[in-house]
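Heads up: the structure comes next, in structure tokens.
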Amino acid sequence: MKKIAILGAGPAGIEAAAVLAANNCPVTLFEKEAQPLCNITDKAFLFPNFADANEVAASLRAKLDNPNITLRCSTEVTQLTPSYIAGFQEESLTGTPVWKVNEELYDIVLLATGYTPFDAHRKEELGYGIYPGVHTSLEMEKMIKEGNIVNSLGEKPKRIVFLQCVGSRDEKSGNHYCSKLCCVTAVKQAIEVKKQLPDCEAYVFYMDLRMWGQGFEEMYRTAQQEYGVSFVRGRISEAGGTFDGRVQIKAEDTLLGRPLKMTSDLLVLMVGMEASKGTRELATQCRICGEYGFAQSKDPHLHDCQSEAPGLFVAGACKRPMTLTDSVNDGRSAAYEILTSL
Amino acid sequence: MINFGYKISTPRSIDMDSADSRLYCQLVEAVPSYRYCIGCGGCTATCSAGQFTDFNIRKAHFLFSRRQYDKLASDTFTDTDLNKCMLCGKCSLVCPRGVNTRGLILQMRKLLLK
């Protein structure tokens with residue numbers, strides 16, 4: 001029986017573990033945090049159907065209830081090397097390399113180490129960490145989840161501005177790519193704000209609104225029609241604090257061709273997705289690190305869950321920004337690839 | 001007074017903090033579909049008046065939503081002179097979001113030109 005390790009108990013890792021376990025393959029699932037699915041449980045509701053994130057996470061977590069799955073939380077994998085790089089002699093019976101995961105040996109490894117949100121401090125001109133009214137989309141999500149949306153003075157905000165593409169599509173951040181789910185997340189959060197605070201104005205500043213998924217465009221339309229969310233095409237170039245703890249932003253309304261300024265209680269920066277620390281380090285160690293620190297699959301069309309390294313598979317947002325749906329499907333695909341390789 | 005040839009430049013910037021939202025709210029109430037616009041410019045491309053004058057209905061729409069009413073009411077800003085519209089309604093036919101553009105012009109005239 002081949003030993004299988006899955007690194008990362010997010011949606012992709014859990015789905016892969018569940019499929020393998022259902023096919024009588026014992027797997028060990030490593031997770032650096034104390035709980036699995038941290039990137040789901042920190043959300044309030046999920047686009048496009050406003051499903052309760054806790055319920056979705058609970059359904060996913062229930063899949064771990066299988067004697068073939070060994071879940072090891074609070075266990076960060078820092079070492080991932082194949083025998084041909086590490087120079088050690090152990091090889092499995094079939095002659096393929098074995099993988100050293102920390103100090104243990106495994107025949108097959110699935111990298112599902114996911115993403116990390118862009119650090120908004122890096123866009124200093126937007127004032128995150130400098131002005132109290134500037135928040136990231138994750139902090140906004142937390143306020144929505146707690147039902148406690150307040151400005152820096154603890155009062156109900158009268159105006160909230162969302163800014164798209166923070167750390168995405170931005171050469172200055174070193175990220176040329178689109179993180180692809182911030183657009184719909186801002187629309188979702190703006191709707192949530194209007195549900196909780198109907199009198200609060202919500203503005204979304206965007207470069208393009210990329211409503212690519214099923215139900216996304218309809219959400220955008222609903223935000224305009226039913227909730228009165230305003231959309232301004234233009235990228236906020238700078239944010240400054242006001243004496244009363246609010247934020248003044250400057251942008252161009254590019255559909256009018258004129259500069260625009262506005263004071264807002266809150267500025268919410270829609271941060272993009274970057275390769276997580278684990279993804280960067282482990283992908284580098286096993287020499288499959290691609291652009292921007294993401295793990296590189298063997299082929300983006302037909303072998304997207306395999307890597308150039310034998311016995312090493314890749315799934316989920318460690319490859320590129322992915323939605324929950326994409327990650328779950330990708331984990332399932334990876335499990336199928338692993339099963340056929342056995 | 002000696003004329004030195006200098007003049008005061010008025011700011012071009014749109015200041016949303018000093019904006020008066022009353023007319024905007026009245027327009028939204030009268031023509032709710034006003035808010036559905038995504039700025040595609042289909043209306044302007046098909047506009048009969050726009051073929052022969054510099055009238056730009058999309059621009060008029062966005063100036064109103066940024067509360068720049070004086071730019072719409074004034075004769076100096078000719079490309080958004082609401083009187084140039086001939087109310088043919090082609091803009092309503094092409095709008096992908098179902099904005100009642102013709103109703104919008106009528107309502108803006110009512111609110112601004114009186």
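For a quick check: with amide H placed at 1.01 Å from N, whose amide H comes under 5 Å from A:PHE313's, ignoring anything fewer than 5 positions away on the same chain?
A:VAL109, A:LEU110, A:LEU111
Scan around A:LEU260 for amide H atoms under 5 Å from its own, H built in the peptide plane at 1.01 Å from N, and keep only partners 5 or more places away or cross-chain.
Here the answer is A:ALA251, A:GLU252, A:ASP253, B:ILE14, since their amide H atoms fall under 5 Å of that of A:LEU260.
Hey, how much of the P(r) for the protein assembly as shown falls beyond 33 Å, as a percent of Cα pairs?
47 percent
Roughly how big is the stretch B:43-112's charge dipole about its Cα centre, with Cβ charges of +1 (Lys, Arg) and -1 (Asp, Glu), in debye to the nearest 20?
That gives a dipole near 320 debye.
Please work out, to two decimal places, the log10 of the ratio I(q)/I(0) at q = 0.09 Å⁻¹ from a Debye calculation in which every Cα of the stretch A:121-264 carries one identical scatterer.
-0.26
Below 8 Å between Cα atoms, with a sequence gap of 6+, how large is the relative contact order for chain B in percent?
31 percent
Of B:ASN3, B:ASN56, B:CYS37, which is farthest towards the positive pole of the stretch B:1-56's charge dipole, taken about the Cα centre with +1 and -1 on the beta-carbons of Lys, Arg and Asp, Glu respectively?
Going by the charge dipole, the pick is B:ASN3.
Can you show me the helix-derived [θ] at 222 nm for chain A, built from DSSP H runs with n ≥ 4 at -39,500 (n - 2.57) apiece and divided by the number of residues, rounded to the nearest 500.
-8000 deg cm²/dmol
With θ taken as phi - 60° and the coefficients 6.51, -1.76 and 1.60, list the Karplus ³J(HN,Hα) couplings across the stretch A:186-195 in order, rounded to whole Hz; mark glycine and proline as x.
Once rounded to whole Hz, the list reads 5, 4, 4, 5, 4, 5, 4, 4, 5, 5.
If you split all Cα-Cα distances of the stretch A:100-168 into 5 Å bins from zero, what percentages do you get per bin, shortest first?
Answer for the stretch A:100-168: a P(r) of 3, 12, 19, 18, 12, 8, 6, 7, 7, 5, 2, 0 percent.
How large is ³J(HN,Hα) for each residue in the stretch B:96-109, as worked out from phi by the Karplus curve 6.51 cos²θ - 1.76 cosθ + 1.60 (θ = phi - 60°), to whole Hz, x for Gly and Pro?
Using θ = phi - 60°, the values come out as x, 9, x, 6, 7, 5, 5, x, 5, 4, 4, 5, 5, 4 Hz.
Using unit Cβ charges (K, R positive; D, E negative) and no other charged atoms, how large, in debye to the nearest 20, is the dipole of the protein assembly as shown about its Cα centre?
With Lys and Arg at +1 and Asp and Glu at -1, about 1780 debye.
List A:ASP253, B:ASP15 from most exposed to least, where exposure is judged by having the fewest other Cβ atoms within 10 Å.
B:ASP15, A:ASP253
Just to check I understand the Karplus step: with θ = phi - 60° and J = 6.51 cos²θ - 1.76 cosθ + 1.60, what whole-Hz values come out for the stretch B:21-27, glycine and proline as x?
8, 5, 5, 4, 5, 5, 5
Show that you can apply the helix-only estimate: for chain B, add -39,500 (n - 2.57) for every DSSP H stretch of four or more residues, divide by all residues, and state [θ] at 222 nm to the nearest 500.
-11000 deg cm²/dmol
Just want the ordering: A:HIS301, A:HIS135, from fewest to most Cβ atoms lying within 10 Å of their own Cβ.
Placing the least packed residue first, the sequence is A:HIS301, A:HIS135.
Counting other beta carbons within 10 Å of each Cβ, put B:ARG109, B:ARG66 in order, fewest first.
Ordered by Cβ neighbours within 10 Å, fewest first: B:ARG109, B:ARG66.
Going out from 0 in 5 Å bins, what whole percent of all Cα-Cα distances in the stretch B:43-112 drops into each bin?
3, 19, 32, 26, 16, 3, 0
Below 8 Å between Cα atoms, with a sequence gap of 6+, how large is the relative contact order for chain A in percent?
22 percent
Within chain A, what's the longest run with no chymotrypsin sites (Phe, Trp or Tyr not before Pro) in a DSSP loop and at most 13 other beta-carbon atoms within 10 Å? Give the range, please.
Free of exposed loop sites, the longest segment is A:1-211.
Bear in mind these aren't lab numbers, they're just calculated from the coordinates by the rules spelled out. Keep in mind it's a predicted model, so treat the numbers as computed, not measured. Cβ sites come from the backbone with ideal geometry, for glycine too, and all protein chains shown count toward neighbours.
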